[in-house]
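Rule-based calculations on the coordinates, nothing more; no lab input. Quantities reported herein were computed from a predicted structural model and do not represent experimental measurements. In this analysis, Cβ positions are derived from the backbone assuming ideal geometry, glycine residues included, and neighbour counts consider all displayed protein chains.
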Amino acid sequence: MGYYSETIFPWLLDRALGHPNIMRRRQALVSGASGDVLEIGFGSGATLPFYDPARVSSLTVVEPSEGMNRRAAERLKDSPVPITSVPGAGERLPFADARFDTVVCCLTLCSVTDVDQVLAEVRRVLKPGGRFLFLEHVLSDDSGRQRWQHRLTPIQKLVGVGCHLDRPSAELVRAAGFRLDPLPVQEEEPAFGALRTLTPLVMGAAIRV
C-alpha cells in the first residue's frame, strides 16, 4: 500500500464522512446491533461510540488498512463494549461458522475487491436468523444517473481507494442468501454536495436464511 492510501486517504475519509448527516446514519445503523457483533471495514472506528453496551455483548472489528487501524487505535481505548480488533479483509474472515449474531458493514461493500465473496463470508459467520446491517453506496434507480455513476467510478476507484459508485448493493445482499423485507430505499445524501444525486445511499437490515 502507498503513502496516499495509508496516510492521506484515511485522514480525507474521516473528514469527508464526519458530516453530521453521515454520523446520524451510522448511529441509526448500529443501533440495530445486538449480541456478539462483527463489523467489517471498521475504518477509523467512527461507528464505535454508537454501540449500546446494554445490547452488545462483544464487538469484533476487521480492517485491512494499516493507516485506518492506526487512526482507530485511540478510539479503541474508549470502546463502550468489549472489543477485539483483527487485521484482515472481508473476503477471508478468520472466524468459525455461525459465530456472530450481527454483522455490520458501513460504506464498505462499495470498496471491497470481491463483494460476492465478502457477502458469502458474512453469511457463513452469521448464526441462522442473524442480522446483517449495511449502509452503502448504491447504483441509482434512474438510468441517466446510472450512466454517470458508471463513467465516474473509474475516477472514484482511484481517489477513493477502490470505492465503486455503481454497485447494486441491496440486490447483491439479497442474491447472497439474505432476506430483505422490505427492500431498503435509496436516499440522496446532502453531505455529498454537488455529487449527491450520483452517490445515493441505501441502508437495510438483512436476515440470514
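Basic side chains Lys and Arg get +1 at the Cβ, acidic Asp and Glu get -1 at the Cβ, and with that the dipole of region 3-208 about its Cα centre reaches some 100 debye. Normalised by 2.2 N^0.38 Å, where N is the number of residues, the alpha-carbon radius of gyration of region 97-209 equals 1.07. Think of region 7-60 as having a plus end and a minus end, set by charges on the Cβ of Lys, Arg, Asp and Glu; of Met23, Ser58, Gly43, Met23 sits farthest toward the positive end of this dipole.
Counted over region 3-208, the DSSP beta bridges are approximately 35% antiparallel. In sequence order, region 184-190 has phi-based couplings of x, 9, 6, 9, 6, 10, x Hz under the Karplus curve 6.51 cos²θ - 1.76 cosθ + 1.60, θ = phi - 60°, and Gly or Pro positions carry x. Across the chain, the mean sequence separation of Cα contacts (distance under 8 Å, 6 or more residues apart), normalised by length, yields a relative contact order of 20 percent. Each eigenvalue of the Cα gyration tensor of region 3-208, multiplied by 5 and square-rooted, gives one semi-axis; in descending order these are 25, 20, 16 Å.
Extent along the principal axes, Cα only, for region 1-118: 38, 32, 25 Å, with the longest axis given first. Taking other residues whose beta carbon is less than 14 angstrom from the beta carbon of Pro80, and scoring Lys, Arg as +1 and Asp, Glu as -1, yields 0.
Glu189 sits among other residues whose Cβ lies under 14 Å from its own Cβ, and their net charge, with Lys and Arg +1 and Asp and Glu -1, is +2.
Gain on full extension, evaluated as 0.36 nm per residue between Val81 and Gln27 minus their Cα-Cα distance, stands at 17.9 nm. Ignoring everything except DSSP H segments at least 4 long, calculate the 222 nm mean residue ellipticity for the chain; use -39,500 (n - 2.57) per segment, divide by total residues, nearest 500. Helix-only estimate at 222 nm: -9500 deg cm²/dmol.
Using a Gaussian network model of the chain whose springs link C-alpha atoms within less than 10 Å, name the residue from His150, His137, His164 with the highest mean-square fluctuation. Between His150, His137, His164, it is His150 that shows the largest mean-square fluctuation.
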